[in-house]
1. Roll a 1.4 Å probe over the protein chains and send me the accessible area per residue for segment 341-397 in Å².
2. Can you give me the % of accessible surface on segment 450-531 that is carbon or sulfur? Probe 1.4 Å, all protein chains present, nothing else counted.
3. Leaving ligands, DNA and RNA out of it, report the carbon-plus-sulfur percent of the accessible area of segment 298-427 at a 1.4 Å probe.
4. 5 Å is the cut-off here: which amide hydrogens, built 1.01 Å from N in the peptide plane, fall below it relative to Ala137, excluding neighbours closer than 5 in sequence?
5. Give me a comma-separated list of calculated 3J(HN,Hα) values for segment 130-140, in order, Karplus coefficients 6.51, -1.76, 1.60 applied at θ = phi - 60°, integers in Hz, x for any Gly or Pro.
6. Before I look further, what does segment 252-328 give for accessible area per residue, probe 1.4 Å, in whole square angstrom?
7. For Lys590, give me every one of the lysines with a C-alpha distance below 16 angstrom, ignoring sequence neighbours fewer than eight places off in its own chain.
8. Quick one: which residues, 5+ away or cross-chain, put their amide H under 5 Å from the amide H of Asn78? H built at 1.01 Å from N.
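The values are calculated or read from the model by the stated rules, or taken from the named source; none is laboratory data. What you see is a predicted model, and the numbers here were worked out from it, not measured in a lab. Please note: Cβ atoms are built from the backbone with ideal geometry, for glycine as well, and neighbour counts cover all protein chains shown. Calculation scope for accessible area: heavy atoms of the full protein, side chains included, ligands and nucleic acids excluded. Shrake-Rupley method; radii C 1.70, N 1.55, O 1.52, S 1.80 Å.
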Amino acid sequence: MIHYIYLSVVFPLLGFLINGLLGRKIKNEKLIGTIGSGSIFLAFIVILVSFFELLAMPADSRSVTVPFFTWMNTGELNVGFSYHVDQLSIVMSLIVTGIGFLIHVYSIGYMHGDRAFWKFFAYLNLFIFAMMNLVLADNFVLLFLGWEGVGLCSYLLIGYYYDRDFEKGTVADASKKAFITNRIGDFGFLVAMFLIFLTFDSLNFASVMPQIGKVGDVGIYELIAIFLFIGAIGKSAQIPLYVWLPDAMAGPTPVSALIHAATMVTAGVYLVARCAAIFALAATAMMTVAVIGLLTAFFAATIGIVQNDIKKVLAYSTVSQLGYMFLALGVGAFSAGIFHVMTHAFFKALLFLGAGSVIHGMHEKQDIRHYGGLQKYMPKTFLTFLIGAIAIAGIPPFSGFFSKDEILWDAYANGGLLFWIIGVITALMTAFYMFRLVNMTFLGKPRFDEHHTHPHESPSVMTVPLMVLAVLSVIGGLIGIPEVFSGEGGNVFKSWLAPVFADANLILGPHGAHSHFEEILLMVLSVAGAAGAIYLARHIYLNSPAIATNTAAKFKGIYNLLLNKYFVDEVYQKTIITPTVKLSEKFLWKQADNKLIDGTVNGVAKIITIIADHFRKFQTGVAQIYAVVMMVGIVITIFWIMSRL
């Protein structure tokens with residue numbers, strides 16, 4: 001089956017074509033949903049069987065290239081449409097198709113009655129198709145094709161309700177914001193590809209990776225790594241290009257789950273991990289990745305503390321968790337970063353789909369200040385959402401604990417105490433705002449009009465995916481038990497990915513010497529801090545809500561700063577967007593386009609018109625005049641010929 005891995009890409013494409021071309025005529029929602037979900041399920045089965053085949057191979061030879069066809073072959077550039085199956089790509093493929101399938105099933109219930117039900121599933125299938133090309137690509141060009149594909153699909157899905165208002169603009173504005181912001185990052189990726197080709201004379205992983213460290217100097221590796229990271233910043237929403245991701249919640253909730261958990265935002269993390277050996281030779285770039293990741297994690301967590309839209313809280317949580325992943329990559333803990341990608345996919349998909357269930361039950365209301373007491377109305381949603389919140393808070397033995405604490409330990413071991421302190425403070429804020437969300441949504445007294453608003457539990461087609469994700473959020477981290485508890489090689493996930501990152505780890509060398517006591521002590525402190533943050537959130541928002549009100553009033557300036565997201569969007573609007581629009585309008589449009597380009601074209605046309613006006617006078621339509629002209633022409637021609645003899 002591993003040699004038929006391309007089927008995992010073909011099935012979503014077929015789902016897109018069937019629903020996209022015939023969905024309007026099919027009309028039957030169940031059939032459309034079955035086609036859309038079934039195509040992803042078949043892709044998941046292909047990946048799952050391939051995983052077991054890969055598992056049966058010797059550990060040092062779990063790498064298979066499956067050619068499909070030759071795409072480009074010109075000069076030194078030889079690019080095939082080929083897929084590379086190894087430990088990293090198979091893990092990412094399992095996440096994309098597995099979580100993607102659950103989101104598709106959930107969408108059957110959530111999107112019921114939508115006017116373009118078929119179009120939604122076509123877009124979802126296209127999204128998975130693009131993401132699978134990205135993670136399975138065996139070269140940078142095919143990876144970039146998938147990279148741009150998920151960017152296009154995010155534009156289509158975020159702007160799905162394009163005719164609705166959203167915050168200070170429209171949903172269409174939010175989708176354009178995502179698309180344009182990502183193009184900025186994509187420019188960095190393109191420059192990195194040019195540098196890679198100039199350095200290695202190839203864009204194929206199989207040709208580039210063995211040459212790393214053997215050709216070029218440190219400077220070129222720093223440049224390549226920095227530009228790759230610029231691309232990753234755009235896709236994975238890091239400072240300063242994070243602003244598109246919170247606005248991605250303008251799309252339907254299943255879209256938020258797909259973007260935030262399983263597909264687009266993890267693309268940047270995957271890119272850096274795939275190029276780990278390049279980054280290992282670029283110390284400055286590695287430090288940049290770690291610092292940007294850490295600052296993004298902390299920055300987004302502070303914003304999440306005061307947000308009141310249920311999806312916005314989760315959106316800033318995603319930005320923060322992505323920061324953790326880049327912190328791990330920046331300190332050389334590549335396996336830990338990918339491990340957090342996996343566990344985060346479990347609990348963040350669960351949380352977003354749980355939020356969708358709440359929104360569905362509350363008739364599209366999203367303000368948590370108007371929730372409260374929903375536990376009795378939505379017991380299944382409450383229990384699963386609670387599991388997701390515990391997981392992201394990092395409480396053992398839930399999945400988030402294992403990946404988060406591995407990152408914190410590596411940040412301490414390779415980055416220093418300051419990295420750990422900021423990382424732990426961020427983790428405490430995460431626990432606090434997630435349980436603020438839980439308490440204000442599900443517990444306490446209802447803060448809505450129970451006579452006019454009638455919350456209800458979602459149908460089974462929506463709650464069953466929640467239950468599956470809840471189970472994964474509980475047990476998913478057990479494959480990454482820290483070696484301090486499991487012994488050398490006991491971390492199954494790390495051992496699985498070890499061959500992929502062997503070259504990078506060889507370049508970086510072993511971690512600094514630290515005792516098991518230090519690791520356990522830091523682990524206990526972080527868990528105790530998270531538990532304390534959970535208790536504090538419960539005490540404030542259930543027992544003494546006046547504390548929150550009084551604190552917000554006392555520190556009104558800070559509160560407004562956080563509530564308005566540090567006014568970053570407003571600053572961007574005044575310093576970048578408005579000047580760019582004015583420059584485009586006054587110079588590029590009115591001067592360069594209208595006067596220079598259009599003026600030149602219209603001027604040429606005017607000159608031709610004037611010339612034509614004179615020449616057309618000869619075209620009188622009188623046959624005798626034409627005959628005279630012909631005779632004169634003949635006579636002149638004869639005299640000219642005779643004069644040449």
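1. 28 Å²
2. The value for segment 450-531 is 70 percent carbon and sulfur by accessible area.
3. Here carbon and sulfur together make up 68 percent of the probe-accessible area.
4. Under 5 Å from the amide H of Ala137: His84.
5. 3J(HN,Hα) across segment 130-140, in whole Hz: 5, 5, 5, 4, 5, 7, 9, 4, 9, 8, 5.
6. On a per-residue basis, 12 Å².
7. Leaving aside lysines fewer than 8 places away in the same chain, those within reach of Lys590 are Lys582.
8. Leu203
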